[in-house]
Amino acid sequence: MRALLKPYPQRDLGIVLLRPPADMLQHFSGKRLLITDEPADLRGTADGLVPVEAQPLSREPRLAIFLTSEPIINLVGGWDALTLWVKRNRGCQCIDFGGQYHHHELVQSRRGRGVVSLCWSHDNEYHGKGSVKLDAAAWANATEFVSEMIRARSRLPAGHQLTLPELCWWAISNGLASHLPEEIICEALGMRYRPPGEQMKESDINPGEREPREVLASNIKPVLALMIDPEAPKTNMKNPKPDKLIHANYTRWIKKQPCCGCGNQADDPHHITGNGLGGMGMKASDFHVIPLCRRCHDALHADTSKWEEEFGSQADLVIKTQNRAIALGVIFVTNAK
């Protein structure tokens, strides 16, 4: 819950009074509240609840079915996570009759393709009954939740407005490209969308024209392709010296990732130190790097033990980075020799 309220200080008594609108009383149940200054962008706004700012893509009707499909919701946390999100961010969403009584206790009910928040009074009233408005509110809750979770799981900063290419990339990297609407794929790729059943002139038919999903799949290319050779010549050596792997494409990709320390945009591909992966005066392989911003990079080199105590060991972080690269298709294993 976020609210904007005017305080009335009573200095003689040492207390401050707040006067919320009547429909906000349901949110005050003895729990503690965080009080902060009025932000500049809300100056002049009337007292009351401040609605959660929705991701623009959550209002895109062409994405509504995709964002509320079972595989997508399960991937970003499931129905329990959606219910908890609604509980934290919504009051009673029954607005059919303005000024109607609201009970102070809230419940979250699953309706259709989403979850809606209702007070006890309205939950009893609408239990088992149809309501177009409540169904629409539940659906909107689901699309906003999924959009925000995609932003968070893509490690984009809070407040970032998710773009269509970012959404498509997230779907592709999680093996869900087949669930994307074809019209959305065409828009992301700059292709003309042909609705099903569209009549075409023979002169417009191009036998070599590929389907949008085929074009999308062909654009997914690995940054680092690994080749596996179980009979490599060095397998017969007792103590083979590892060759240093140098791969500029991979380190360039690393620099575009969120920092493993603070989570901000990375500046450097840090070649991890220690762990037996480097030599005297020699950096580790380009495969053993993690993304760091300049500030975290300097802090790590200044006091490695302190940095690892706060953010985790370099060895664990490089494994997490490699696993992310594999999941995104950045690292691709090929059978070619």
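When both residues are 6+ apart or on different chains and their Cβ atoms are under 6 Å apart, which pairs have a first residue that lies in the range 271-300 and is modelled with pLDDT of 85 or more, and a second that is surrounded by 13 or more Cβ atoms within 10 Å (Cβ to Cβ) and β-branched (Val, Ile, Thr)? Going by the 6 Å Cβ cut-off, the qualifying pairs are His271/Val289; Ile272/Val318; His288/Ile272; His288/Val318; Val289/Ile254; Ile290/Val318; Ile290/Thr321; Pro291/Ile254.
Quick grid of which residues meet (1) among the hydroxyl-bearing types (Ser, Thr, Tyr); (2) part of a loop (DSSP other than H, G, I, E, B); (3) at pLDDT below 80; (4) loosely packed, with under 14 Cβ neighbours inside 10 Å:
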| residue | (1), (2), (3), (4) |
| --- | --- |
| Gly175 | no, yes, yes, yes |
| Cys186 | no, no, no, no |
| Pro195 | no, yes, yes, yes |
| Arg210 | no, yes, yes, yes |
| Val215 | no, no, yes, no |
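Of the residues in the range 129-157, how many are of a type outside the set (A, V, I, L, M) and over 14 Å from the mean Cα position of the chain (by Cα)? Qualifying residue count for the region: 7. Can you tell me which residues in the range 100-123 are farther than 26 Å from Ala64 by Cβ, surrounded by 15 or more Cβ atoms within 10 Å (Cβ to Cβ) and not aromatic (Phe, Trp, Tyr)? His102, His103, Cys119, Ser121 - these are the residues of the range 100-123 that are farther than 26 Å from Ala64 by Cβ, surrounded by 15 or more Cβ atoms within 10 Å (Cβ to Cβ) and not aromatic (Phe, Trp, Tyr). Can you confirm whether the range 312-321 contains a residue that is modelled with pLDDT under 85 and either of a type in the set (Phe, Trp, Tyr) or on the phi < 0 side of the Ramachandran plot (or both)? So far as the range 312-321 goes, no, none of its residues is modelled with pLDDT under 85 and either of a type in the set (Phe, Trp, Tyr) or on the phi < 0 side of the Ramachandran plot (or both).
Within the set Gln93, Gln108, the sole residue that is in contact with a Lys or Arg (Cβ under 9 Å, 6 or more places away or on another chain) and in a loop (DSSP other than H, G, I, E, B) turns out to be Gln93.
When the residues of the range 67-82 are filtered to those that are more than 13 Å from the chain's Cα centre (by Cα) and surrounded by 20 or more Cβ atoms within 10 Å (Cβ to Cβ), the one that is farthest from Thr163 (Cα to Cα) is Leu82. Residue selection: Val146 fails the criterion of being within 25 Å of Cys92 (Cα to Cα), touching a residue at least 12 places away in the same chain (Cβ under 8 Å) and not in a helix (DSSP H, G or I).
Look at Val107 and say whether it is among the aliphatic types (A, V, I, L, M), more than 25 Å from Pro61 (Cβ to Cβ) and at pLDDT 90 or above. The answer is yes for Val107.
The values are calculated or read from the model by the stated rules, or taken from the named source; none is laboratory data. Everything quoted here is computed from the prediction, not taken from an experiment. Here Cβ is always computed from backbone atoms with ideal geometry, including for glycine, and neighbour counts include all displayed protein chains.
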